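**Student:** Take this structure, written in structure tokens, and hold onto it; I'll ask about it next.
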Amino acid sequence: MIKSFLILLIFQISILSAQQIVLVVARDFNTSQALLECYEDGKKVFNTHEVNLGKNGLGWGLGAVEMHQNKAQPLKKEGDNKAPAGIFELTNIFGYKNADDFKLDFLHASQNLICVDDIDSALYNKLIQMPPIIPKSYEKMRREDHQYELGIVVAHNMQGVKGGGSCIFLHVEKTDKAPTAGCTSMPLAHIKNIASWLDRSKKPLLIQIPKSSSKEILKLYPTLKKSKLLQEEEEK
């Protein structure tokens, strides 16, 4: 019991000491658009830019840190077309072309790479090579379009909670301002910048929230105090 507690405590300290943060802030839970900023050691890198969220906005996801959730606020569920809100590790980069120059582990999106979204499968929410027994439902990572040309894996629902939501990525947008089925999308140029910048040794995180959670994030991550996205709006 003590050992488990210490492991959890060390994990929490590691998450809270992240040196690289991708910050996405939406106006509320219902919008499919948001703004993104990147920070390293409290310093902003790249320009602020727009990103696309789920068609039905945001829902609280299953992330690395438990955040305050109002009972009236939506929860992320499989197939709800909501992007997950919360704090998540960024674990891998994937793409159509082989690459060895990233500082996160790279997954080649071959014809056999899939992400399982079958809630009844023991492989639910896992990125794997096509297994001998094919899941009832899965997503091919080698698509016929450009959306997975380059992307980043968001560690949402890593325990595989049934129906908790699966296959969450930062990826290339379908078209300008097109909402997603639950991921966060943006132009390829922005994905390239972020993917090239991310470094596993700096414990990169995605913090994706509605504006109303800004104060809580600033308490957890005071290095983000310079972010205009987290500042209170001036009274009109």
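Read-outs: derived from the displayed coordinates by stated rules, not from any lab. Note that the structure is a prediction, hence the values are computed from the model and not measured. Virtual Cβ from ideal backbone geometry, glycine too; neighbours counted across all protein chains shown.
This table checks each residue for (1) in contact (Cβ under 8 Å) with a residue 12 or more places away in the chain; (2) surrounded by fewer than 17 Cβ atoms within 10 Å (Cβ to Cβ); (3) in contact with a Leu (Cβ under 6 Å, 6 or more places away or on another chain).
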{"position": "62", "(1), (2), (3)": "yes, no, no"}
{"position": "90", "(1), (2), (3)": "yes, no, yes"}
{"position": "128", "(1), (2), (3)": "yes, yes, no"}
{"position": "140", "(1), (2), (3)": "yes, yes, no"}
{"position": "153", "(1), (2), (3)": "yes, no, no"}
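**Student:** Scan region 190-210 and give yes if some residue there is among the basic types (Lys, Arg), in a loop (DSSP other than H, G, I, E, B) and surrounded by 15 or more Cβ atoms within 10 Å (Cβ to Cβ), otherwise no.
**Tutor:** Within region 190-210, one or more residues are among the basic types (Lys, Arg), in a loop (DSSP other than H, G, I, E, B) and surrounded by 15 or more Cβ atoms within 10 Å (Cβ to Cβ).
**Student:** Take the residues in region 92-126 that are aromatic (Phe, Trp, Tyr) and farther than 22 Å from residue 63 by Cα; name whichever of them is surrounded by the fewest Cβ atoms within 10 Å (Cβ to Cβ).
**Tutor:** Out of the qualifying residues, it is 96.
**Student:** Across region 75-97, which residue is farthest from residue 197 (Cα to Cα) among those that are of a type outside the set (D, E, K, R) and part of a loop (DSSP other than H, G, I, E, B)?
**Tutor:** This residue is 79.
**Student:** What number of residues within region 155-186 are surrounded by 14 or more Cβ atoms within 10 Å (Cβ to Cβ) and in a loop (DSSP other than H, G, I, E, B)?
**Tutor:** Going residue by residue through region 155-186, those that are surrounded by 14 or more Cβ atoms within 10 Å (Cβ to Cβ) are 155-158, 160-161, 163-174, 179-186.
Checking the rest, the ones that are also in a loop (DSSP other than H, G, I, E, B) come to 155-158, 160-161, 163-168, 173-174, 179, 181-183.
Residues meeting the conditions: 18.
To keep it simple, each residue is scored yes or no on (1) under 13 Å from the mean Cα position of the chain (by Cα); (2) more than 19 Å from residue 88 (Cα to Cα); (3) not acidic (Asp, Glu).
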| position | (1), (2), (3) |
| --- | --- |
| 176 | no, yes, no |
| 182 | yes, no, yes |
| 187 | no, yes, yes |
| 192 | no, yes, yes |
| 196 | no, no, yes |
| 205 | yes, no, yes |
| 208 | yes, no, yes |
| 213 | no, no, yes |
| 221 | no, no, yes |
